[in-house]
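Okay, structure first, notes after.
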Amino acid sequence: MRNPATPGAIAESADLVLPLLSPRDLAAAASACRSLRAAAAAVTTRRAADAARSLEPLPVPFHNRVDSKPYAYFLYTPYSLARPAPGASSSPSAQPWGGAWARPPVPTWPRPSLDGFPSTVCGCACEAGECGGPRCTCVDAEADVADTGSEGGGMGSLRECGDGCACGPSCGNRRTQRGVAVRLRVVRHLHKGWGLHAVEALGRGQFVCEYAGEFLTTEEARKRQRLYDELASVGKLSPALIVIREHLPSGKACLRVNIDATKVGNVARFINHSCDGGNLHPVLVRTSGSLLPRLCFFSAGDIMEGEELTFSYGDARVRPNGLHCFCGSSGCCGVLPSEET
Ligand SMILES: [Zn+2]
Ligand SMILES: [Zn+2]
Ligand SMILES: [Zn+2]
């Protein structure tokens, strides 16, 4: 029988517990004894090696030559989560990250249905290989907005197959549904904090990532925005709550979608704002069988290896003492966009 107090046994059980700890609790554990210190250091190294926690097809490492922060702590989700009903246990509060056992990347397929919309309606009935073609009903009239770059500025729209369709994961009309398949990394900047960079060159119109987080009601989004503004103004938080307004063709109605990636999100939460519009083209993607559109990013033009990925957070600047913008573009107006939520 093994003595449970041996350093080996401590390290072994530590690997069950430490990956669940926040950075602060991890540091506290590391100060307890030498073998825990080594185990905690290993967890930190593995966390820094993959922001996506093996939940994407490729690891997304952190890279910091500016200060001593090894990684950013948040809960990872490869796709957006519908906000649970009030009173229900909210988003996950702990998620193991940095354990020793190497987990193969989890396939991001099939995705959970976002809104429980009956999955037998409003999809296509294409045979294998037909999707996206002339007979597929899951294609927009003004089809490939995502391929045309962002000349017009603003937001593109795209339709894809989804839960309501007869086709499966190999369908060619689901290019935004297979997770992050381009090489990215999260780089620390002196003033901007973390930013998302391409590690490989990207061609124009290539799918980069979805903006994944929690879908919020507008009421909840306003509540959180007030709190985030306070915390951000004293440098305690980098909020990642995005509000998308889409004017419906009628011109009268406006659809509003709120996605919060501050606590729970994917790599897109690290994408910084650029006053010149950036190199990513935001596209609202609708999938057949789902009511909520998803926000996805495509490269707006050719992107060089190592280049930072950015998009415009918006034009409105309603808070006079808004946060400083460090985008560095020639058209930079010095203040980050902010709007009345
Ligand atoms: Zn189809
Ligand atoms: Zn399809
Ligand atoms: Zn379809």
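Give the peptides 182-194, 226-238, 158-170 in descending order of average Cβ contacts within 10 Å, highest first.
Peptide ranking by packing, descending: 158-170, 182-194, 226-238.
For labels at GLU246 and LEU20 in the simple 7 Å Cα→Cβ model, what's the distance in nm?
3.9 nm
I'd like the distance separating the alpha-carbon centroids of the stretch 171-242 and the stretch 23-86, in whole Å.
The stretch 171-242 and the stretch 23-86 have Cα centres separated by 17 Å.
By a straight-distance test (C-alpha under 26 Å), which lysines pair with LYS192 as possible cross-link partners, with residues fewer than eight away in the same chain excluded?
Here the lysines satisfying the reach criterion relative to LYS192 are LYS69, LYS223, LYS236, LYS263.
Grab the Cα-Cα distance for ASN64 and ALA100, subtract it from 0.36 nm times how many residues apart they are, and report the gain in nm with one decimal. Before the final figure, lay out each step's value.
Details: separation 36, 0.36 × 36 = 12.96 nm, distance 2.24 nm.
Once the chain is fully extended between ASN64 and ALA100, it gains 10.7 nm.
Could I have the simple spin-label model distance between MET304 and LEU231, label points 7 Å from Cα toward Cβ, reported in nm to one decimal?
Taking the two extended label points, one gets 3.6 nm.
For the stretch 151-244, what relative contact order do you get, as a whole percent, if you take Cα pairs closer than 8 Å and at least 6 residues apart? Walk me through the numbers on the way to the answer.
Values: 52 pairs, mean separation 15.1, N = 94.
16 percent.
Values quoted throughout were computed directly from the atomic coordinates according to the rules given, and no laboratory measurement underlies them. These numbers come from a predicted model, not from an experiment. Note that we place each Cβ from the backbone using ideal geometry, even for glycine, and neighbour counts take in every protein chain shown.
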